[in-house]
């Protein structure tokens, strides 16, 4: 016995066929974007990891192994032939090797051999100063941005009355979120480098990057504060707590996961910016690390190398060849790893706080 047709079943029509076609267009577009992203990241990981792995060397001292690409400074690469073999050496190693060969020839009473070496800028050594500078810039700028941003969000959401001035302030914050990063770089250059006479320094870079991500931090933090139920505030105030005690004990702990979400967004933007640090904090080459200073105050008033600026320099400001290409991919690979590590730390902390504070 056959069942009667379902009267509520969807009937074929042109509208449903068009809707299905649009669905597949959106689906294929999504897969295309994912495929392109996977290809780009896969290419960086594949080629960049090769550069990092190639940098492992054995040493005569503990820990008996090191990675020249991760823990040495950038150097020029010298490529030459010696005893019929093609040899690649960094600047320091090449100079020491040349001096030793010339000394041996002198002791043997023979003329010093002539070296016909080709040099390639920034194609040897490593990126250790760039890693240190990037981590310092991210940590310092996010500390300033979170401090100022959370304080501003608390004032706007908990203390300020909803008047015209506050609405204009919120509108200005939203507009600032869309300002190009190079404008913030020029602002930081004029304000911190020239007017306040901080010169090209960590401090100037910190405040420039912090102001750049401040709109994102304020907006996300304010939304996190709004998500906390009003009953938490009313119950605390009814028991005799002050306004600040209520915010500190009954609002902020429950808003922290959302605030950490803003920090993740800020880290992703701060770490990848080149224009602001190019004007305010970054050097092309700096031999000394930030802590190699005579006075503690000098730590804040010195420039640093940074991974995004280093990628910009080796990709566009020097002659391109097979040696600079591997430095580009290796630097990009390490850069992505550092950003992912910092963001993952924030995500883990956010999830832990979400598990601790539930309502």
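The values are calculated or read from the model by the stated rules, or taken from the named source; none is laboratory data. Just so we're clear, the structure is a prediction, and the values are computed from it rather than from any experiment. Cβ coordinates were reconstructed from backbone atoms using ideal geometry, including for glycine residues, and neighbour counts include every protein chain displayed.
With respect to the conditions (1) outside any helix (DSSP H, G or I); (2) touching a residue at least 60 places away in the same chain (Cβ under 8 Å); (3) out of contact with any strand residue (DSSP E or B) (no Cβ under 8 Å at 6 or more places or on another chain), residue 293 lacks only one, and its number is (2). Name the single residue, out of those in region 230-271 being at negative phi and part of a loop (DSSP other than H, G, I, E, B), that is farthest from the chain's Cα centre (by Cα). In this case the residue turns out to be 239.
Within region 330-356, how many residues turn out to be farther than 19 Å from residue 265 by Cα and under 16 Å from the mean Cα position of the chain (by Cα)?
Residues of region 330-356 farther than 19 Å from residue 265 by Cα: 330-334, 355-356.
Now narrow it down to the ones that are under 16 Å from the mean Cα position of the chain (by Cα): 330-334.
Going through region 330-356 one residue at a time, the tally reaches 5.
Within region 211-232, being closer than 27 Å to residue 278 by Cα and buried (at least 24 other Cβ atoms within 10 Å of the Cβ) holds for 212, 213, 217, 218. Given the criteria outside any loop (DSSP other than H, G, I, E, B) and under 31 Å from the mean Cα position of the chain (by Cα), does residue 101 qualify? Taking the combined requirement at face value, the residue does not satisfy it.
Pairs are defined by a Cβ separation below 9 Å, a sequence spacing of at least 6 or placement on different chains, a first member in region 50-78 that is free of Cβ contacts under 8 Å to residues at least 24 places away in the same chain, and a second member that is part of a loop (DSSP other than H, G, I, E, B) and surrounded by fewer than 12 Cβ atoms within 10 Å (Cβ to Cβ); the pairs so defined are 58/64; 65/59; 66/59. If the condition is being surrounded by 19 or more Cβ atoms within 10 Å (Cβ to Cβ) and at pLDDT 90 or above, then region 233-250 contributes 246, 247.
In region 245-264, what count of residues is obtained for those that are touching a helix residue (DSSP H, G or I) at 6+ places or on another chain (Cβ under 9 Å) and within 16 Å of residue 159 (Cβ to Cβ)? Let's see the steps before the verdict.
First, the residues of region 245-264 that are touching a helix residue (DSSP H, G or I) at 6+ places or on another chain (Cβ under 9 Å): 245-247, 249-264.
Within this subset, residues satisfying the condition of being within 16 Å of residue 159 (Cβ to Cβ) are 245-247, 250-252, 255.
Result for region 245-264: 7.
Residue-wise test of (1) at pLDDT below 90; (2) touching a strand residue (DSSP E or B) at 6+ places or on another chain (Cβ under 9 Å).
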residue	(1), (2)
26	no, no
37	no, no
53	no, yes
61	yes, no
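None of 261, 274 is surrounded by fewer than 20 Cβ atoms within 10 Å (Cβ to Cβ) and farther than 24 Å from residue 130 by Cα except 261.
Residues in region 63-98 that are touching a strand residue (DSSP E or B) at 6+ places or on another chain (Cβ under 7 Å) and outside any strand (DSSP E or B): 8 in all. Of everything in region 144-167 that is under 31 Å from the mean Cα position of the chain (by Cα) and loosely packed, with under 13 Cβ neighbours inside 10 Å, the residue that is nearest to residue 261 (Cα to Cα) is 147.
Determine if region 187-199 includes at least one residue that is buried (at least 19 other Cβ atoms within 10 Å of the Cβ), touching a helix residue (DSSP H, G or I) at 6+ places or on another chain (Cβ under 6 Å), closer than 19 Å to residue 264 by Cα and touching a residue at least 60 places away in the same chain (Cβ under 8 Å). Scanning region 187-199 turns up no residue that is buried (at least 19 other Cβ atoms within 10 Å of the Cβ), touching a helix residue (DSSP H, G or I) at 6+ places or on another chain (Cβ under 6 Å), closer than 19 Å to residue 264 by Cα and touching a residue at least 60 places away in the same chain (Cβ under 8 Å).
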